[in-house]
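Single-structure report; data block below.
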Amino acid sequence: MMDVYLEYSLLERGGPLVWLLFAVSLFGFTIFVERLLFLHKGQIRTEPFLDGIKNLLGKGRLVEALTVCEETPGPVPGVVKAALLHAREDEASLRRSIESAALVEIPILERRIAALAAIARIAPLLGLIGTLLALMGGFMALQRGDATAYPTFGALVGTVGEAFLTTVIGLIIAVMSHVAHHFLSGRVRALVHDMEYAGHHLMQHLLNGDAANGPKTELKDVEPG
């Protein structure tokens with residue numbers, strides 16, 4: 001109970017910017033959890049997925065392959081679907097369709113991740129502002145004699161210690177936000193790599209005629225979109 005009271009007392013002495021820093025950290029944590037779950041949902045086993053699509057194409061079951069792409073979450077199925085819808089076109093057009101699909105998916109993957117980088121830059125500045133305000137208030141109180149009739153070294157040290165609380169909190173939040181941003185950026189890069197691999201692999205498969213004639217005949221009845 002005493003520990004809880006002590007923590008609350010320290011936060012209270014840190015001033016309003018401490019609560020602002022905690023609000024910022026909560027916002028960043030919410031973004032991290034939401035993006036982590038979203039990126040995890042979009043991560044699939046690319047090679048087995050492509051093997052299944054190629055198996056369906058070999059049997060002439062293009063519509064079923066497109067249905068699998070639509071029902072599978074993540075950016076890779078979106079790129080594969082774009083390739084299937086433009087399979088009858090030449091290499092340049094097929095490549096453009098795959099690149100266009102990837103350009104649509106990448107901003108969705110990167111959404112709100114930049115906010116974590118912004119928090120990592122802003123949190124230390126907020127902490128520094130809180131420290132400077134607390135120091136100014138403490139020195140003014142000592143000068144007026146509100147804290148003690150005769151300013152002492154102990155009173156000054158206590159004021160400085162409480163003032164630096166916001167700087168410490170700001171730095172901790174900045175480090176955590178930077179780590180979270182780096183981790184999520186790595187997950188995005190992995191998904192982008194999977195998209196590039198899937199698009200290139202399927203394009204070569206279609207251009208080399210490995211899909212047989214069945215799927216391309218069936219493609220005549222499927223409108224790109």
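Here are a few things to note about the model shown:
- Number of residues in region 67-79 that are touching a residue at least 12 places away in the same chain (Cβ under 8 Å) and assigned to a helix (DSSP H, G or I) equals 7.
A quick yes/no check of all residues on (1) assigned to a helix (DSSP H, G or I); (2) closer than 20 Å to residue 106 by Cα; (3) under 31 Å from the mean Cα position of the chain (by Cα):
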site	(1), (2), (3)
31	yes, yes, yes
37	yes, yes, yes
65	yes, no, yes
81	yes, yes, yes
87	no, no, no
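- Set 145, 170, 161: member being under 30 Å from residue 133 (Cα atoms) and at pLDDT 90 or above: 170
- Flag: residue 115 matches the condition of being farther than 22 Å from residue 207 by Cα and surrounded by fewer than 21 Cβ atoms within 10 Å (Cβ to Cβ).
Residue-by-condition table, conditions (1) acidic (Asp, Glu); (2) surrounded by 13 or more Cβ atoms within 10 Å (Cβ to Cβ); (3) out of contact with any helix residue (DSSP H, G or I) (no Cβ under 8 Å at 6 or more places or on another chain); (4) modelled with pLDDT of 75 or more:
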| site | (1), (2), (3), (4) |
| --- | --- |
| 121 | no, no, no, yes |
| 125 | no, no, no, yes |
| 154 | no, no, yes, no |
| 186 | no, no, yes, yes |
| 202 | no, yes, no, yes |
| 216 | no, yes, yes, no |
| 225 | no, no, no, no |
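The values are calculated or read from the model by the stated rules, or taken from the named source; none is laboratory data. Computed from a predicted structure; not experimentally measured. Ideal geometry is used to build each Cβ from the backbone, glycine not excepted, and the neighbour counts take in all protein chains shown.
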